[in-house]
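To keep things clear, I will list the structure first and then write my remarks on it.
No lab work stands behind these numbers, since they all come straight from the coordinates. Everything numeric here is computed off the predicted structure, so don't read it as measured data. Reconstructed Cβ throughout: ideal geometry from the backbone, glycine too, with neighbour counts over all protein chains shown.
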Amino acid sequence: MVDDVLKNVNRFVVNNFQDDAKQSTIEVLLGKFKKDQQKQMLITNPVLQALDQEILRRFLFSSSPFVPFFKKLLFLSQHQ
């Protein structure tokens, strides 16, 4: 009798307080995950960022006739 009570109390504690990740996974799989529970995550790739910067640097120092237009566009997008 006492063993059953202890098992039930232990199960209650584990299910309600220690199983957050498992419960969240189950809710996602069942389609019950709420939008307000989501956290925004930004994933960056340093290799692609370095490549983008190098391409931009080479473009801005090239002799293309479009360079002044893109410099202005880049400046405006960074200062909004």
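For the reader, a short list of remarks on this structure follows.
- Of Leu74, Leu48, the sequence from fewest to most neighbouring Cβ atoms within 10 angstrom is Leu48, Leu74.
- Using the Cβ-Cβ distance between Leu51 and Ser24 with R0 set to 25 Å, the FRET efficiency from 1/(1 + (r/R0)^6) comes to roughly 0.10.
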